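Here is the structure we will look at.
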């Protein structure tokens, strides 16, 4: 392992990316404490693996990848993950005529219910800075898979966050132990 | 564009050119202008999507977060350098111990393999070259003392007492000790390969106490010279042309 990044460079990295990294961590983990730990750990990992960052312009996706790996490691070691059946969800979530205000806590609950493989592309998608291709690279998935997961994830959010339309009736989401 | 494609593109659409590109975006907008149902769907979908986006990004940032992050990173960096120095120190100590052991081993080996003196090979006494000429004595040097000696025929070898090998200025040179009565002459055979004879020859004879030192050239070979250290006033007895009185 090479030398850690210099103080000036690492502090600039923090200044440039701590907001988006913390938000990502929060949306992934659903907890402020976990988000701060993950952000801290991601920056520490970046500092100690500084030599791997060849192009400073790629710092953001690099940091996001580090953080996601840390999060995956964490949930694997904790052996808990919410599993939700999302099959056909895109077909059942109707869009209401008017968009009601979205409650932050409810949104986080809805995100937390999603498996990480659906949650991550959704969060990255709504962060605006990541194209579908960036998300696919970040997750090492084919572009089509990312799009399909995004569609299902968005349908799940609609179903969870928007009031059901009178016609047709929206079935509620259901949990399963078997995953997707 | 048909409605099915438009709905799919609506799903992929994002603010700006996004993923659809300029042409895709224009085609979608053209369809939305024409199709009332798709336009209504878009009018519902887009605010919802941007509302979700705002909500996803609306995460409260803890106070002093960057300061805490930087402080922790500083502590990590210091800890890394401390570990690095310890590791280097440990590696250095291991390397020093290995070198020390190697030196001790070498020293022990050298002590255990100290050379045994070859007393017979140190010098050859006069009995070995009684009545012998320079060629035979040169052979004795080569066979018994393992050095080449180019000897002059002018020396009176009847006075030769011993032959040996001497170290002179870190060079091994043949040494002949001549003795006649109370006169002694030590002759060191020097070669031009070992010493700069031309310059050495320019130096004058040197006397110290009862001893005199002089350098004489080989009568025929300029690449050979003899350093002669002798007692008494004259060295004529050493050469055949003037046999010594004492002999």
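Filtered by the rule that a residue be in contact with a helix residue (DSSP H, G or I) (Cβ under 6 Å, 6 or more places away or on another chain) and outside any helix (DSSP H, G or I), the range A:1-26 gives A:2, A:4, A:5.
For the range B:154-177, filtered to residues that are in a loop (DSSP other than H, G, I, E, B) and within 36 Å of the chain's Cα centre (by Cα), the residue that is farthest from residue B:227 (Cα to Cα) is B:170.
Are any of the residues in the range A:106-129 at pLDDT below 90, more than 10 Å from chain B (Cβ to nearest Cβ), over 15 Å from the mean Cα position of the chain (by Cα) and in a loop (DSSP other than H, G, I, E, B)? Scanning the range A:106-129 turns up no residue that is at pLDDT below 90, more than 10 Å from chain B (Cβ to nearest Cβ), over 15 Å from the mean Cα position of the chain (by Cα) and in a loop (DSSP other than H, G, I, E, B). State the number of residues belonging to the range A:27-58 that are in contact (Cβ under 8 Å) with a residue 24 or more places away in the chain, part of a helix (DSSP H, G or I) and more than 15 Å from residue B:71 (Cβ to Cβ). Number satisfying all stated conditions: 11.
Residues in the range A:144-155 that are at the interface with chain B (Cβ under 10 Å from one of its Cβ atoms) and either more than 20 Å from residue A:27 (Cα to Cα) or not in a helix (DSSP H, G or I) (or both): none. Counting just the residues of the range A:27-38 that are facing chain B (nearest Cβ under 10 Å) and either in contact with a helix residue (DSSP H, G or I) (Cβ under 8 Å, 6 or more places away or on another chain) or surrounded by 15 or more Cβ atoms within 10 Å (Cβ to Cβ) (or both), which one comes out farthest from residue B:75 (Cα to Cα)? Top of the filtered list is A:27. Here the condition is being exposed (fewer than 10 other Cβ atoms within 10 Å of the Cβ), free of Cβ contacts under 8 Å to residues at least 12 places away in the same chain and not in a loop (DSSP other than H, G, I, E, B); of B:78, B:4, it holds for B:4 alone. Is the range B:203-211 home to any residue that is outside any helix (DSSP H, G or I), touching a strand residue (DSSP E or B) at 6+ places or on another chain (Cβ under 6 Å) and touching a residue at least 40 places away in the same chain (Cβ under 8 Å)? No, the range B:203-211 contains no residue that is outside any helix (DSSP H, G or I), touching a strand residue (DSSP E or B) at 6+ places or on another chain (Cβ under 6 Å) and touching a residue at least 40 places away in the same chain (Cβ under 8 Å).
Yes/no matrix, rows are residues, columns are (1) surrounded by 14 or more Cβ atoms within 10 Å (Cβ to Cβ); (2) over 30 Å from residue A:121 (Cβ atoms); (3) more than 7 Å from every other protein chain (Cβ to nearest Cβ); (4) in contact with a helix residue (DSSP H, G or I) (Cβ under 6 Å, 6 or more places away or on another chain):
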site: B:40; (1), (2), (3), (4): no, no, yes, no
site: B:45; (1), (2), (3), (4): yes, no, no, yes
site: B:59; (1), (2), (3), (4): yes, no, no, yes
site: B:67; (1), (2), (3), (4): no, yes, yes, no
site: B:70; (1), (2), (3), (4): yes, yes, no, yes
site: B:82; (1), (2), (3), (4): no, yes, yes, no
site: B:86; (1), (2), (3), (4): no, yes, yes, no
site: B:90; (1), (2), (3), (4): no, yes, yes, no
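For residue B:27, are the conditions met, namely being over 60 Å from the mean Cα position of the chain (by Cα), modelled with pLDDT of 85 or more, part of a loop (DSSP other than H, G, I, E, B) and more than 30 Å from residue A:3 (Cα to Cα)? Criteria not met by residue B:27. Looking across B:110, B:63, one residue alone is exposed (fewer than 11 other Cβ atoms within 10 Å of the Cβ) and away from every other protein chain (no Cβ under 14 Å). It is B:110. Checking residue A:15 against (1) surrounded by 15 or more Cβ atoms within 10 Å (Cβ to Cβ); (2) facing chain B (nearest Cβ under 9 Å): exactly one of these is not met. Which one? Every condition holds for residue A:15 apart from (1). Considering only the range B:21-38, state which residues are under 21 Å from residue A:131 (Cβ atoms) and either away from chain A (no Cβ under 14 Å) or surrounded by 18 or more Cβ atoms within 10 Å (Cβ to Cβ) (or both). Result: B:22, B:23, B:25, B:26, B:27, B:28, B:29. Going through (1) closer than 23 Å to residue A:156 by Cα; (2) assigned to a helix (DSSP H, G or I); (3) at pLDDT 55 or above one by one, residue A:80 falls short only on (2).
Residue by residue, here is whether (1) surrounded by fewer than 14 Cβ atoms within 10 Å (Cβ to Cβ); (2) modelled with pLDDT of 90 or more; (3) in the same structural domain as residue B:149 (by TED's automatic domain parsing) holds:
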position: B:175; (1), (2), (3): no, yes, yes
position: B:185; (1), (2), (3): no, yes, yes
position: B:188; (1), (2), (3): no, yes, yes
position: B:191; (1), (2), (3): no, yes, yes
position: B:203; (1), (2), (3): yes, no, yes
position: B:244; (1), (2), (3): no, no, no
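The values are calculated or read from the model by the stated rules, or taken from the named source; none is laboratory data. The model shown is predicted, which means the values in this text are computed figures rather than measured ones. With ideal geometry, Cβ positions are generated from the backbone for all residues, glycine too; neighbour counts draw on all protein chains shown.
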